[in-house]
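So the structure is just underneath, and the comments pick up after that.
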Amino acid sequence: MTSETKERIADINKGIIPEGYKKTKVGIVPVEWEVEQIGKYLVEYKEKSTENNQYPVLTSSRKGLMLQTDYFKDRQVTTENNTGYNIIPYGYLTFRSRTDDGRFVFNKNTIIDKGIISYFYPVFSFKKKVNTTFMLELLNFSIYHRFMPFVEGTAQQVLSLKKLGNLIYAIPPFPEQQKIAEILSTQDKLIELQEKKIEQLKELKKAYLQKMFPQKGSKYPELRFKGFTDPWEQYKFSEVFTILQNNTLSRAELSDSGCGYTVHYGDVLIKYGETLNATSEQLPCISSESVLSKFKASFLQDGDIIIADTAEDETVGKCTEICEIQGKSIVSGLHTIPCRPQCKFASGYLGYYMNSGAYHDQLLPLMQGTKVTSVSKSALQGTSLKAPDSTDEQERISRCFSALDNLITLHQRKSEQEKQKKKALMQLLLTGKVRCI
């Protein structure tokens, strides 16, 4: 970025109008840009489906436009009667016209020739004088206060296509739109590349979790490090673990600072991986010394396993192995079962093994409940664990999965960096602060 460009951006941010710019209803923009209602360019597409399942059902989500079977993981919910749904051809746009949190996300059909989508999702395109990709980026760049004057409703807010057309934007000449669209599309490809790498690594890890631990009825894993041939040992849960005491503090009773820490079951289910580094991870705090002192005998130690005993689905039983405690006073929290190994295991081994199908599948018939699923301490006692006698083999397994986790984290960081870079580009390009001419 040249010094001249930096000076122009600084002036615009201060409200100073640089040469070649003008002040408009939407801010200071280049003089060549037209300030118009978006309805001038918008064209509604009104074709409806005439029979049930005429085309694949789509869902417009915050992750993009997706086949509904993919979005709901084979739980397609509208196969019974979707006659009269909106048809969305390839290249056309849509958005969910209702929101609970003030966000409207616009998506383009780039996945199938024709699909159908609920009548809550208007379908539209743009006239040839504007670039569709540019307009899509412009709409998703808009923050809520731009939409707010045109939404209706309170608890659930509705933005009709007609009302959307009332929004005023600054639109650059068509050649500049194309260049902006090309730059942002290139950035999208970089983000997509990182996301693809992340997905590939997760699939590889999933395969290794299946193959590097013996399945039911076997003492040998399908995939093994060279030099290890002995059968694995099987242990009863009760032979391996002593169950510790957990606290019953709700999330509302925890704080950001205090005299001790706790591991919340919600974080075990969603936030933490197979291992939990207590030094690098920010843990919720217990503020009361008197409350914390009641659990002194159950302060967690490196290698302890924290199992989430409640969830809304079959993830119940997900666990994490804590490490790097370094003298902190940490107690396992509400809806968790903290377990201490009574024999030596390589660091991380139990965390990876107990989250693999080789162990977790044992919990499926033990789960109770409908809307909320749980597994009891007594039920866990009936499960069994397998491990090689060699702690060296355990350690190599743990290191393998840890290396995969580090790679996934690396690409997640790169993906986030690329997303932040795109946000910065959008802030400059879509407002005309940086020109593409």
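Quick notes on this structure:
- Taken over the range 128-152, residues that are farther than 22 Å from residue 91 by Cβ, touching a residue at least 12 places away in the same chain (Cβ under 8 Å) and either part of a loop (DSSP other than H, G, I, E, B) or of a type in the set (Val, Ile, Thr) (or both) amount to 1.
- Any hit, the range 386-407, residues being of a type in the set (A, V, I, L, M), surrounded by 14 or more Cβ atoms within 10 Å (Cβ to Cβ) and not in a helix (DSSP H, G or I): yes
- All positions within the range 22-34 that are in a loop (DSSP other than H, G, I, E, B) and in contact (Cβ under 8 Å) with a residue 60 or more places away in the chain: 25, 26, 32, 33
- When 109, 166 are checked against the criterion of being over 20 Å from residue 36 (Cβ atoms) and outside the structural domain of residue 437 (by TED's automatic domain parsing), a single residue qualifies: 109.
- Filter result for the condition that a residue is more than 18 Å from residue 385 (Cβ to Cβ) and in the same structural domain as residue 420 (by TED's automatic domain parsing), over 216, 196, 211: 196
- Leading residue by the ranking (surrounded by the fewest Cβ atoms within 10 Å (Cβ to Cβ)) among those in the range 129-147 that are modelled with pLDDT of 80 or more and aliphatic (A, V, I, L, M): 136
- Tally, over the range 359-397, of residues that are within 22 Å of residue 229 (Cα to Cα), in contact with a strand residue (DSSP E or B) (Cβ under 7 Å, 6 or more places away or on another chain) and small (Gly, Ala, Ser): 2
- For the range 228-260, filtering for residues that are surrounded by fewer than 18 Cβ atoms within 10 Å (Cβ to Cβ), in contact (Cβ under 8 Å) with a residue 12 or more places away in the chain and in a helix (DSSP H, G or I) leaves 3.
Listed here are the residues, each with its yes/no results for (1) of a type in the set (Phe, Trp, Tyr); (2) free of Cβ contacts under 8 Å to residues at least 24 places away in the same chain.
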residue: 20; (1), (2): no, yes
residue: 36; (1), (2): no, no
residue: 45; (1), (2): yes, no
residue: 49; (1), (2): no, no
residue: 63; (1), (2): no, yes
residue: 83; (1), (2): no, no
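The values are calculated or read from the model by the stated rules, or taken from the named source; none is laboratory data. This structure is a prediction, so every number in the text was calculated from the model and none was measured. Don't worry about glycine lacking a Cβ; one is built from the backbone with ideal geometry, like all the others, and counts go over all protein chains shown.
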